[in-house]
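One structure below.
Derivation of every value follows stated rules applied to the coordinates shown; laboratory data play no part. No experiment lies behind these values; they were computed from the predicted model shown. Note: ideal-geometry Cβ built from the backbone for every residue, glycine included; neighbour counts use all protein chains shown.
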Amino acid sequence: MDLVLRTIVIFLFILLLTRVMGRRELGQLEPFDLIILVVIGDLVQQGVTQDDYSVMGAILVVTTLGLMTVLTSYLNFRLPRLRPVLDGEPIVLVEDGRPIERNMRRERITPEELRAAARLQQISSIDDVRFAVLETNGEISFITRNN
């Protein structure tokens, strides 16, 4: 039972941590960020299982993580009021060609990163953007003025 409770606590902590850290896609992670994720995984494993190296302990932990993931998904689906807490909300980064500095600063997105994301979608200038929205999955959606 101790393993299950520790797994639930760690799951909730990781959920909180990912909400605080921001919305970067895995493809946008720097090598350092990826190393930190691996280290967090190792530290979480040590915190959850401690000295329990049994197969049954591993099954309990993995099952609890799976059930917590399904429960979170179910709550997200059934309770719309929880969606902003669990998934976040889209954030407008550019409106009518003007970057919204406060939102970019809050999400730690530099003007260079914004311009690079625009170029990847064949947009040559931020001035051509009607809206740029940071979606809940970490991608930036662009709507150009001519659309």
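The reciprocal of the average 1/r between distinct C-alpha atoms defines the Kirkwood hydrodynamic radius, which for the range 91-144 equals 10.6 Å.
Each residue, residue 51 and residue 100, gets one label point 7 Å from its Cα in the Cβ direction; the gap between the two is 5.3 nm.
Taking other C-beta atoms within 10 angstrom as a stand-in for reagent exposure, 68, 1, 56 fall in the order 1, 56, 68, fewest first. In this rough spin-label picture, where each label sits 7 Å from Cα along the Cβ direction, the residue 17-residue 116 distance is 2.5 nm. If you wrap the range 2-86 in the convex hull of its Cα atoms and look at it from every side, the mean projected area works out to 6.4 nm².
Across the chain, the longest piece that holds none of the trypsin sites (Lys or Arg not before Pro) lying in DSSP loops with up to 12 other C-beta atoms within 10 Å covers 1-107. Using helices alone, I'd like the mean residue ellipticity at 222 nm for the chain: each DSSP H run of four-plus residues gives -39500 (n - 2.57), total over residue count, nearest 500. Taken over the chain, the calculation gives -18000 deg cm²/dmol.
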